[in-house]
Amino acid sequence: MTTGVRRRLTVEERRQQLIGVALELFARRSPDEVSIDEIASAAGISRPLVYHYFPGKLSLYEAALKRAAEDLADRFREPHEGPLGARLLRVMRRYFDFVDDHGPGFSALMRGGPAVGSSTANALIDSVRQAAYVQILSHLRIEEPPARLELVVRSWISLAESTALLWLDGRRVPRAELEVQLVQDFAALVAVAAAHDGPTAALLKPLLKDEPGDGPFADLVTRLVSLAA
């Protein structure tokens, strides 16, 4: 009979384990409420050993923040296949999967949490917003957008972020309805920009002509028409 020997984790493996444990705890409670002792206990190691891998709670929090930011940014990646409205809806569903699974952690990520005001936290939050911006432009098949369209895309990303934060406070609107609403918010913002800006209208016409009658964009038009009836 052989006896299994427990392999000692490398420094990087232990760091990644601690980051994972911290993220799990942050998903249930605000990082401000999670102590180093709790993280050590959940990881099955001593408090001094946590400090061996991270100088303090802030450094561990920033490492967890970095992993969460990378995960959230990846939620905006979507194959460039099919109608734009359907693609954006899939992006919003993945985005809200993250929000739903990491409620307190998402709030801490977007508000800075214990690292509020730190250059690291600010840079990570900005990286999520920039990654989202680049991905949305790629779906619009645009590299250098007109100034008005850039404002619309960046404003919509901020709207999605603030909407998710408000939704977490009570979840009073069904999540699926909110996902569709945000996609339609995008369509409405872009439509207003196109109405005032010829270059934006010219860029969007080829994309919108392929939208199906049962997609989120067409549904918005139907709803607006019914309001005017």
For the range 64-85, the count of residues that are over 22 Å from residue 110 (Cβ atoms) and either part of a helix (DSSP H, G or I) or small (Gly, Ala, Ser) (or both) equals 3
Checked against (1) closer than 25 Å to residue 68 by Cα; (2) in a loop (DSSP other than H, G, I, E, B); (3) touching a residue at least 12 places away in the same chain (Cβ under 8 Å), residue 142 satisfies every condition except (1)
Expected single match for more than 21 Å from residue 81 (Cβ to Cβ) and either without any contact (Cβ under 8 Å) to a residue 40 or more places away in the chain or part of a helix (DSSP H, G or I) (or both) among 227, 203 is 227
Condition check: in a helix (DSSP H, G or I), over 19 Å from residue 121 (Cα atoms), of a type in the set (A, V, I, L, M) and touching a helix residue (DSSP H, G or I) at 6+ places or on another chain (Cβ under 8 Å). Does residue 88 satisfy that?
yes
Every listed condition ((1) open to solvent by 20 Å² or more (accessible area, probe 1.4 Å); (2) part of a helix (DSSP H, G or I); (3) more than 27 Å from residue 205 (Cα to Cα)) holds for residue 172 save (2)
Flagged in the range 29-63 as in contact (Cβ under 8 Å) with a residue 12 or more places away in the chain, open to solvent by 60 Å² or more (accessible area, probe 1.4 Å) and assigned to a loop (DSSP other than H, G, I, E, B), in numbering order, are 29
Selection over the range 187-200 where residues are surrounded by 20 or more Cβ atoms within 10 Å (Cβ to Cβ) and either farther than 15 Å from residue 84 by Cα or at pLDDT 95 or above (or both) yields a count of 3
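The values are calculated or read from the model by the stated rules, or taken from the named source; none is laboratory data. Keep in mind that what you see is a predicted model, and the values were worked out from it rather than measured. A quick note on method: Cβ atoms are made from the backbone with ideal geometry, for glycine too, and the neighbour counts reach across all protein chains shown. Side chains included, ligands, DNA and RNA excluded: accessible areas come from the protein's heavy atoms. Shrake-Rupley method; radii C 1.70, N 1.55, O 1.52, S 1.80 Å.
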